[in-house]
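The values are calculated or read from the model by the stated rules, or taken from the named source; none is laboratory data. Since we're looking at a predicted model, the values are computed, not measured. Quick reminder, even Gly has a Cβ in these numbers, built from the backbone with ideal geometry, and neighbours come from all protein chains shown. Ligands, DNA and RNA are excluded from the accessible area calculation, which covers all protein heavy atoms including side chains. Shrake-Rupley method; radii C 1.70, N 1.55, O 1.52, S 1.80 Å.
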There are 4 protein chains.
Amino acid sequence: MEKTRVRKVEKKVKNDRLEVRTDLAMEERESFPGDGGEIPGVILTEKERNGGIRLTEVEILDERGAGRMRKPVGAYLTLEAPGLADGQSEQQEAAKELAGLIRKLLARHQIGEKERPRILVVGLGNPDATPDALGPMVMERLPMTRHLVLTCGAEYDEEGEYPMISGISPGVMAKTGMETAEIIRGIVKETRPDAVLAVDALAARSVRRLGVTIQLSDTGIHPGSGVGNHRNSLTEESLGIPVLALGAPTVVGAAAIVYDTVDALEEVLKASSSLKGYGDTIGAMGPEEQYELIREILEPRLGPMYVTPHDIDARVEILSGVISRAIQEALFSWGKPEVLK
Amino acid sequence: MEKTRVRKVEKKVKNDRLEVRTDLAMEERESFPGDGGEIPGVILTEKERNGGIRLTEVEILDERGAGRMRKPVGAYLTLEAPGLADGQSEQQEAAKELAGLIRKLLARHQIGEKERPRILVVGLGNPDATPDALGPMVMERLPMTRHLVLTCGAEYDEEGEYPMISGISPGVMAKTGMETAEIIRGIVKETRPDAVLAVDALAARSVRRLGVTIQLSDTGIHPGSGVGNHRNSLTEESLGIPVLALGAPTVVGAAAIVYDTVDALEEVLKASSSLKGYGDTIGAMGPEEQYELIREILEPRLGPMYVTPHDIDARVEILSGVISRAIQEALFSWGKPEVLK
Amino acid sequence: MEKTRVRKVEKKVKNDRLEVRTDLAMEERESFPGDGGEIPGVILTEKERNGGIRLTEVEILDERGAGRMRKPVGAYLTLEAPGLADGQSEQQEAAKELAGLIRKLLARHQIGEKERPRILVVGLGNPDATPDALGPMVMERLPMTRHLVLTCGAEYDEEGEYPMISGISPGVMAKTGMETAEIIRGIVKETRPDAVLAVDALAARSVRRLGVTIQLSDTGIHPGSGVGNHRNSLTEESLGIPVLALGAPTVVGAAAIVYDTVDALEEVLKASSSLKGYGDTIGAMGPEEQYELIREILEPRLGPMYVTPHDIDARVEILSGVISRAIQEALFSWGKPEVLK
Amino acid sequence: MEKTRVRKVEKKVKNDRLEVRTDLAMEERESFPGDGGEIPGVILTEKERNGGIRLTEVEILDERGAGRMRKPVGAYLTLEAPGLADGQSEQQEAAKELAGLIRKLLARHQIGEKERPRILVVGLGNPDATPDALGPMVMERLPMTRHLVLTCGAEYDEEGEYPMISGISPGVMAKTGMETAEIIRGIVKETRPDAVLAVDALAARSVRRLGVTIQLSDTGIHPGSGVGNHRNSLTEESLGIPVLALGAPTVVGAAAIVYDTVDALEEVLKASSSLKGYGDTIGAMGPEEQYELIREILEPRLGPMYVTPHDIDARVEILSGVISRAIQEALFSWGKPEVLK
């Protein structure tokens, strides 16, 4: 490759630092060479749970870690449940584990500590495009309670311990003419919740994550993340209250697929004595460089394209069921300390 | 009827003054005995237009008129198009006439006079209950432009004369946990439109209105109106900008149906010599009294019930098409004075 | 009333014998004066079950009974669960009871006796009109298994005891241009199930039934029943296999509402000494006569109108959940004799 | 690459002859090296039309051509309209051209020659997965007329010249438990149309086709085509009547994307002197070989994955509008010979 081209690519990579190639912090973490090693400013914890569920916690402690991980400082809790499509008991187990993660992150922000939690759930994404419909589908399944607490009081909530859940699926900018952040900012100011819980479809780096992974973070939603482009941030900084982001990958960027295949192709070709030349040459580029080259070739011809499995409707339905059950379980356990143990 | 009962009914009627039995001002107007006569503080104008379309303008001038009409001071423009289900040319004609009414009301509030109009369209109602889905269905068909004007500028809008349309279907309180008014108030404060145009399904007094009538007013949306109960007002007073309400009746209250039938029954029985007693007795009650008696009997046993035609899905689809076309036509004619003539 | 009018009404009533005013056999049964008494050719059994659920079995034994009941010979099993909207445990209880009724009727027709049951579930009705969407909504929730049994065999179904469930929501005639019966007849001939289980929204006589009642019969679907007009019969006679009909009332005919109110009005007026005349005169007509008179007055002015509660979307969602769970439970218990006890 | 691997790939290619890599005959045609040359048994005609629309007709004359093209004998008419997303006038122009193609293919099969055409439109695909929802979306927009002609006769159709359109969206096998072919075969036998017009989402080879291309053929629908896997054929052979297939590509197989990028990568690397080795080695494989290698690497890790643009909902909506308008225009012009000129 000519020098000028390499330079251009390098420059691009630097400018794109904040452009997220995967929305999953655990994938970003994995991408580091020699992934057993430690990354300064990043703590990684992994746990195996019942039913083959695996919990990964990536904690980005400071700006150093944020720079390396290309994600803001904060906690990223990930649940992987390979058997999610197998049946109801696997889904219930996953919902229970996810509820635990939600409670953990709420507790970290002192939400629901003294008073019942008041949460605005935001279903981000486009209900008309299946891979992007996760947020709106969760909203459809989630029972709202804020109006009942406010208008019925003790008649609805005898013990005074139900959470105040409100929610909205604002729709994407192409269908509202407004930034999602404008809408949510307005609603937050009027209804004053303790926290926003934003549910969104994510983009993963690897197709293995699709339909089996759920990530919860306390760092909000950032421009350019997610499947669609839900512009402008939803963060504690912009809204004045903590913003938990709960998402599940439903697509992989087309560039990532190509990169993975080229990578595998390289392995095959290296092993093949007669085609040795390939391994030597393309292998001489670093992975970053290879990826950017592929993206450079791909994007002008495609625009932003996504790869999605053909049974994405079934996968999104299962995910939305698990997530809505987990949110209910987490929020309705307030005032019942035994649940929290 | 015993005196005490009559008293109770009378008292109820007085307390319910603001409870709207029909959302159509023209029906309220018609309900006055001897409807050729004038009502102080109310001006009525009627026009026949092409294609059998009839425009009625009820202008409530002052508090006297408002009290008699049980509707706020303002303009109520109604379009009746009996042939709306007949075909596309009838629907185009109706859309054209409705666009004229929208322009008229916008002009009255100086919107789009000097600068392009910036309108927030609100699709009120419940998308999952067909008779209440008119607002959300209009929103689905209406192209948004605000984000294009703001982000693409002249690339999108060469002459700088396109309107800035934004919009949202906030969903009903049972599914958001929030008053619609809270949501809209927040969005208005953040996005600063010139006016809100709220689209909603209405309740009529007579089934003859269903699917063929569209009403436009500049008095906003009031609690308890409409099919569902979209709580709290959306008015110029509460939002700080004019609120146009554009709606079409899709249901009739069950009490109204019963009342009409009893009324007709009375006529039949009066004509029948052998059953003369009935006409004398039930006829001795005033219409108000009869209606309230029926409602008293009906409501505790039914809860709020609505009467709706069995082809309501087709009617709502036609109405949403006409309304969305009319809104586009009205707003996109800004800066083209020849259209306004 | 003049003689000629009465005659006309009487004649109409006779011609309309087969026109169903309520789709619920239990309501038809109740409509007989002195309803403790026995009707020749009809057996009535009632049971109280857990959770306030009430099961009513109306068995029409012969043509005599069919004539009196205006319904075909066969079994009509009804479940009433007043607490259906209260919560998940009530809904699970109802699903369990309904599963028992389904198994009972399948057993009566020897379906699943020696071999696994092969059932074609048909979701009748219009998915775009909420009160008529029950059938399609049940279909959306019900897992299909026929293709899995046929293509995956033991890999899917180790013990060889899963049912073969297939299903379709054919849509209404206005949207297919075909009679539902044509579509189903064709599919039955090609796929050869043991029985059809047709799920449909029904019309009740009383609003008290809406959202809390489910009826199962083995007499198929007849023209003019249901909310929409799903033309032509789906019966054992027309399809060659038993047709179970599973439905829940979501609407009441407008005429029925008026009749009930006039009835109540009569009571009130009778009690009121000053209006005694009314009770004497209108009360002098038989209920049949009164109802027909009301219908005669109502229909030409309204077309077929339905009364439906304003929270019909929530009610239909609950009903579709209970019905789909019950069907699964009933069919998947095949080969597990202990479940059948 | 070792010899054995190459052999395996070669063998696979031969076995997969009938597996369609693109559903577009025009793309298959383009894939031949030196595509100016003629293919025996295949005739290619191209026309430029108004509005930048390009019509391509690929006629496969005999088995020789079918073998080369890996598509059945028949006509494949393709419309490309690059400006389809630009506005309504472009869409109307495209609908007009497409209507002409439909009339042409109907005429070739003598449908509507002496009597009005009786067409069963089948909306294939999964309404819940946006890229696969094209067929059901066309069905939603298309007015049905068969029942009106049959039941209303001259009242509906004064001149006796309206077409008899019926239609159904049968849903995918995962949601019906039945092969689509079983359902359609049954309906065809019962309702006896002259032809089936099957509308389906297609897979293209190049992303440039997505959202701008529509293909019409008279060779029916074949297993494994389309986005989902709508099993079993819908062909004249299996149904006894002509089967027109009308489709538009909404996805590209992931393998195709990778292949294209590797191809472009090769060009870049060839030009770069320092990485020359790559061009020599991977370039030494034939394109067939390269594609199969990529598919071999990709599929076991991904399952069948699709690439789709992120605004797929908007594109499918536009396509469904154009297709439904074209079908109406083509069928309603029967009996109006001037239209056909």
Kindly check whether there is at least one residue in the stretch C:276-297 that is modelled with pLDDT of 85 or more and open to solvent by less than 60 Å² (accessible area, probe 1.4 Å). no
Return yes or no: is residue C:180 of a type in the set (Ser, Thr, Tyr), over 21 Å from residue D:124 (Cβ atoms) and buried (at least 20 other Cβ atoms within 10 Å of the Cβ)? no
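Of the residues that make up the stretch D:128-144, is at least one farther than 30 Å from residue A:250 by Cβ and either buried (at least 19 other Cβ atoms within 10 Å of the Cβ) or modelled with pLDDT of 95 or more (or both)?
yes
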Right, residue C:115: more than 20 Å from residue C:24 (Cα to Cα) and of a type in the set (Asp, Glu) or not? yes
Taking the stretch D:189-212 and keeping only residues that are open to solvent by less than 10 Å² (accessible area, probe 1.4 Å) and within 14 Å of chain C (Cβ to nearest Cβ), one is left with D:196, D:197
Being at the interface with another protein chain (Cβ under 9 Å from one of its Cβ atoms) and assigned to a loop (DSSP other than H, G, I, E, B) is the requirement here; does residue A:186 meet it? no
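This table checks each residue for (1) open to solvent by 20 Å² or more (accessible area, probe 1.4 Å); (2) part of a loop (DSSP other than H, G, I, E, B).
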{"position": "D:106", "(1), (2)": "no, no"}
{"position": "D:114", "(1), (2)": "yes, yes"}
{"position": "D:126", "(1), (2)": "no, yes"}
{"position": "D:148", "(1), (2)": "yes, no"}
{"position": "D:151", "(1), (2)": "yes, no"}
{"position": "D:162", "(1), (2)": "yes, yes"}
{"position": "D:165", "(1), (2)": "no, no"}
{"position": "D:170", "(1), (2)": "no, yes"}
State yes or no: is residue B:157 more than 8 Å from chain A (Cβ to nearest Cβ), within 24 Å of the chain's Cα centre (by Cα), in a loop (DSSP other than H, G, I, E, B) and charged (D, E, K, R)? no
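Answer with yes or no whether residue D:122 is buried (at least 21 other Cβ atoms within 10 Å of the Cβ) and either in contact with a strand residue (DSSP E or B) (Cβ under 8 Å, 6 or more places away or on another chain) or touching a residue at least 24 places away in the same chain (Cβ under 8 Å) (or both).
So residue D:122 passes the test.
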For the stretch A:136-148, pairs from a residue that is in contact (Cβ under 8 Å) with a residue 24 or more places away in the chain to a residue that is open to solvent by 10 Å² or more (accessible area, probe 1.4 Å) and small (Gly, Ala, Ser), with Cβ under 6 Å and 6 or more apart or across chains, are A:136/A:169; A:139/A:169
